[in-house]
Structures are given as structure tokens and as C-alpha cells.
Amino acid sequence: MTISARLAELGIELPSVAAPVAAYVPARVHAGLVHTSGQLPFVAGSLPTTGKVGAEVPADDAKGLARVCALNAIAAAADAAGGVDRLGGVLRVGGFVASDPSFSGQPGVINGASEVLGEVFGDAGKHVRAAVGVSVLPLDSPVEVEVVFTLA
């Protein structure tokens with residue numbers, strides 16, 4: 001099954017590629033891989049919420065935001081690769097969670113990204129990963145996710 005067919009089966013419509021907020025490109029193809037820049041959970045060009053996870057943002061909400069980040073990463077990678085069906089799978093996920101100092105559930109938050117990548121890519125969506133707590137992210141986003149995809 002193609003990735004586009006799997007997305008349709010799941011009822012997922014990829015968003016437009018988010019515009020960079022600084023001097024970089026959303027994704028770049030190199031040596032059979034597609035590297036995405038860190039993707040924020042933009043929905044229709046804006047962040048649905050801001051703040052620290054474990055304080056202003058509940059962990060379950062942040063998990064949903066990580067899912068949005070992953071879908072934004074798929075969109076950016078597909079744009080750079082020449083279409084979503086050119087993506088073969090997921091190699092690595094880097095997840096960053098703007099965390100209240102007492103919050104230690106970063107892996108559960110980044111599961112939002114990992115789980116949707118598994119839904120979309122199946123076995124090819126299995127990946128290595130880092131889930132890191134940080135004091136602040138760009139635009140006070142609660143979550144940021146970067147992904148390295150393989151090409152089909």
C-alpha cells in the first residue's frame with residue numbers, strides 16, 4: 001500500500017508545509033534520506049497553545065501536539081522528496097518538550113509523534129528516538145519534533 005493510500009485510509013490529510021520561522025528550509029534530501037527541521041505544532045499557520053508541559057499545558061494535550069508536529073514533518077519531507085509516496089520509512093525522531101522543572105514525562109509526550117508515524121508507515125515507521133526536556137522552545141511552543149525519513 002502506498003503512503004498516500006494509507007493516509008487516506010486513516011482519514012489523515014497532510015497540512016500545508018509550515019513556513020520557517022528563521023533562516024532555514026523545512027526539509028532537505030541528502031544521501032537517500034530526508035531530514036526535516038524541527039517542526040512546531042502549527043495548525044493553519046499558528047500555534048494552538050503555548051507554555052510549559054506540566055504547568056500551562058497538560059501532558060495529554062502535548063502528546064496531541066507532538067502528533068501534529070509529526071504530520072507537519074511528513075508534509076515537509078514529502079514536499080522536499082517530490083511526493084509522500086517517495087518516503088520509505090522513518091529512521092529517527094528527535095522530540096523536544098518545553099517542560100516545567102518538575103515534569104519528567106517527555107517520552108509519553110513524544111509518543112504522540114512516534115505513534116502516528118507507526119500508523120502511517122507500519123513496520124517502516126519503527127525508529128530510534130530521543131525525547132528531551134528543555135526550558136523553552138521557539139515561540140513558546142510546548143513541543144518540537146524533527147524526523148529523518150528514508151526514501152522509497
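The values are calculated or read from the model by the stated rules, or taken from the named source; none is laboratory data. Owing to the predicted nature of the structure, the values given are computational and were not obtained by experimental measurement. Positions of Cβ are generated from backbone atoms using ideal geometry, with glycine treated the same way; all protein chains shown enter the neighbour counts. Accessible surface areas use protein heavy atoms only, side chains included; no ligands, DNA or RNA. Shrake-Rupley method; radii C 1.70, N 1.55, O 1.52, S 1.80 Å.
Applying the selection to the range 108-126, what residues are on the phi < 0 side of the Ramachandran plot and more than 13 Å from the chain's Cα centre (by Cα)? Working first, answer last.
So in the range 108-126, the residues on the phi < 0 side of the Ramachandran plot come out as 108-121, 123-126.
Residues satisfying the conditions are 108, 119, 121, 123, 124, 126.
Does residue 148 meet the test of being of a type in the set (A, V, I, L, M) and touching a residue at least 60 places away in the same chain (Cβ under 8 Å)? Full working, then the answer.
Details: of a type in the set (A, V, I, L, M): yes; touching a residue at least 60 places away in the same chain (Cβ under 8 Å): yes.
When the stated conditions are applied, residue 148 passes them.
Hey, among 84, 90, 25, which residue is without any contact (Cβ under 8 Å) to a residue 60 or more places away in the chain, within 24 Å of residue 150 (Cα to Cα) and of a type in the set (Val, Ile, Thr)?
Details: 84 fails: without any contact (Cβ under 8 Å) to a residue 60 or more places away in the chain; 90 fails: without any contact (Cβ under 8 Å) to a residue 60 or more places away in the chain.
Step by step, each of 84, 90, 25 is checked, and only 25 is without any contact (Cβ under 8 Å) to a residue 60 or more places away in the chain, within 24 Å of residue 150 (Cα to Cα) and of a type in the set (Val, Ile, Thr).
Among 75, 70, 124, which is in a helix (DSSP H, G or I), closer than 19 Å to residue 11 by Cβ and out of contact with any Pro (no Cβ under 7 Å at 6 or more places or on another chain)? Explain how you work it out, then say what you get.
Values: 75 fails: out of contact with any Pro (no Cβ under 7 Å at 6 or more places or on another chain); 124 fails: closer than 19 Å to residue 11 by Cβ.
Result: 70 is the single residue among 75, 70, 124 that is in a helix (DSSP H, G or I), closer than 19 Å to residue 11 by Cβ and out of contact with any Pro (no Cβ under 7 Å at 6 or more places or on another chain).
May I ask you to say which residue of 81, 77, 62 is crowded, with 18+ Cβ neighbours inside 10 Å, over 30 Å from residue 1 (Cβ atoms) and modelled with pLDDT of 95 or more? Talk me through it step by step, then tell me what you get.
Working: 81 fails: over 30 Å from residue 1 (Cβ atoms); 77 fails: over 30 Å from residue 1 (Cβ atoms).
That would be 62, the only listed residue that is crowded, with 18+ Cβ neighbours inside 10 Å, over 30 Å from residue 1 (Cβ atoms) and modelled with pLDDT of 95 or more.
Is there any pair linking a residue in the range 122-142 that is under 17 Å from residue 65 (Cα atoms) to one that is open to solvent by less than 40 Å² (accessible area, probe 1.4 Å) and of a type in the set (D, E, K, R), with Cβ under 6 Å and at least six apart or on different chains, and which?
Hits for this filter: 137/144.
Which members of the range 109-121 meet the condition of being in contact (Cβ under 8 Å) with a residue 40 or more places away in the chain and surrounded by fewer than 18 Cβ atoms within 10 Å (Cβ to Cβ)?
Correct list: 115, 119.
So for the range 93-108 (the condition being surrounded by fewer than 19 Cβ atoms within 10 Å (Cβ to Cβ) and either hydrophobic (A, V, I, L, M, F, W, C) or without any contact (Cβ under 8 Å) to a residue 12 or more places away in the chain (or both)), does at least one residue qualify?
yes
So for the range 131-139 (the condition being open to solvent by less than 30 Å² (accessible area, probe 1.4 Å) and over 23 Å from residue 50 (Cβ atoms)), does at least one residue qualify? If you could, list the steps in order and put the result at the bottom.
So the first thing to find is which residues in the range 131-139 are open to solvent by less than 30 Å² (accessible area, probe 1.4 Å), and the list is 137.
Subsequent filtering for residues that are over 23 Å from residue 50 (Cβ atoms) retains none.
There is no residue in the range 131-139 that is open to solvent by less than 30 Å² (accessible area, probe 1.4 Å) and over 23 Å from residue 50 (Cβ atoms).
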